[in-house]
1. Regarding segment 244-256, can at least one residue be identified that is farther than 23 Å from residue 177 by Cα, surrounded by 14 or more Cβ atoms within 10 Å (Cβ to Cβ) and not assigned by TED's automatic domain parsing to the domain that holds residue 27?
2. So is residue 133 surrounded by fewer than 17 Cβ atoms within 10 Å (Cβ to Cβ) and either in contact with a helix residue (DSSP H, G or I) (Cβ under 8 Å, 6 or more places away or on another chain) or not assigned by TED's automatic domain parsing to the domain that holds residue 229 (or both) or not?
3. Does segment 43-60 hold any residues that are under 19 Å from residue 272 (Cα atoms) and either modelled with pLDDT of 75 or more or surrounded by 11 or more Cβ atoms within 10 Å (Cβ to Cβ) (or both), and which are they?
4. Tell me, which residue of segment 1-11 that is surrounded by fewer than 12 Cβ atoms within 10 Å (Cβ to Cβ) and part of a helix (DSSP H, G or I) is modelled with the lowest pLDDT?
5. Would you tally the residues in segment 58-101 being closer than 22 Å to residue 259 by Cα and assigned to a helix (DSSP H, G or I)?
6. Only one of these conditions is not met by residue 194: (1) surrounded by 15 or more Cβ atoms within 10 Å (Cβ to Cβ); (2) under 22 Å from residue 118 (Cα atoms); (3) within 25 Å of the chain's Cα centre (by Cα); (4) free of Cβ contacts under 8 Å to residues at least 60 places away in the same chain. Which number is it?
7. Report, by residue number, each residue of segment 195-211 that is touching a helix residue (DSSP H, G or I) at 6+ places or on another chain (Cβ under 8 Å) and farther than 14 Å from residue 228 by Cα.
8. Within segment 138-169, track down each residue that is surrounded by fewer than 16 Cβ atoms within 10 Å (Cβ to Cβ), without any contact (Cβ under 8 Å) to a residue 24 or more places away in the chain and not in a loop (DSSP other than H, G, I, E, B).
C-alpha cells in the first residue's frame, strides 16, 4: 500500500520539480543585470568589455539558454547548485550551512504555535461561550490582525532593548531563538485556534461520540482517543504547508532578528543581484515543499484508515 502510494507520488513530483526548475532558470535569465559584471565587481575588478566577455565564457553564459539549462540540470543531479557570484563559494554549501538555523527557528515557531493553539482551541470547543472561549477567539483575532514584522519589532524593543532579557540579534545561545520563534508562532497560532475549535465542536456532535458516552466511557478518553484525533487531522495539511514555508526561511523575521538562516541569505542575494543563489534557493524551496507535503500525506494515511480504502 505505502510502496505503491510512494511510487505514484514520486511520479507526480518529478514533472513538478522539472517545471519549477525551468521557470526559475528562465526568470533569472530575464532579470536585468549581467552576472559576469556582478562577479567582477564582487572581486574588485573593473568590469571592462574584455573582462566581461572572458568571464561570460568562463561561466558558460556565452552558450544558448537551452544548453545552459541542460548543463544546470546535470549539476542538479549531482547536488550542485552552482557557485555564488558574490562570495565565490558553492551555493549548496552555503544553503546547507544556514539550513540548521532555519530548521531550528521553524521547530521553535511550530512549538510556540502549538503551545498557544492546542489548549485554547480545545478549551474553546469544550466550553463554548465561556471566558476561555472568548479569550481564544480574541487571541485568534489578534493573531490574524497583527503583521509579523510589527510584532517582531515590538518584541525586539521590549524583550531585548528595554528589559534586556534576550539578545538583540543573531544566534547567541538558547535565548536568542525565543523572540523570532514567538513572533512566527503567534502569527500561526490564531489559524489553529479557530481550526481546532471548529473541528472539535463538529466531532463532539457526531453519533460516535454520543455512542461512546452511552457506553460509559470517561469524557477525557472520548476526547483524547477519538474526537481530538479526528479533529486534528484537517490541521495536518495546513501544518505541512506552513512547515514547508518556515523551512524555506521566513525572510522578514530572519532579516529583523539577523537570524543566520537561508531566508536572510536569499534576501542578501537579492540585494547583491546574485542570481545563481536566488535560482538555487527557489529550487531548494520547491524540493522542501514537495517533501514536506509527501510526509504529511503519509502521516494522514497512517492516522486515518478511511484514506487507505480509496
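The values are calculated or read from the model by the stated rules, or taken from the named source; none is laboratory data. What you are looking at is a predicted structure, and each value in this text was computed from that prediction instead of being measured. Reconstructed Cβ throughout: ideal geometry from the backbone, glycine too, with neighbour counts over all protein chains shown.
1. No, there is no match, as no residue in segment 244-256 is farther than 23 Å from residue 177 by Cα, surrounded by 14 or more Cβ atoms within 10 Å (Cβ to Cβ) and not assigned by TED's automatic domain parsing to the domain that holds residue 27.
2. no
3. Hits for segment 43-60 are 43, 45, 47, 52, 55, 56, 59.
4. Only one residue tops the list, namely 2.
5. Qualifying residue count for the region: 11.
6. Going through (1) surrounded by 15 or more Cβ atoms within 10 Å (Cβ to Cβ); (2) under 22 Å from residue 118 (Cα atoms); (3) within 25 Å of the chain's Cα centre (by Cα); (4) free of Cβ contacts under 8 Å to residues at least 60 places away in the same chain one by one, residue 194 breaks only (4).
7. none
8. 138, 145, 150, 154, 157, 158, 161, 162
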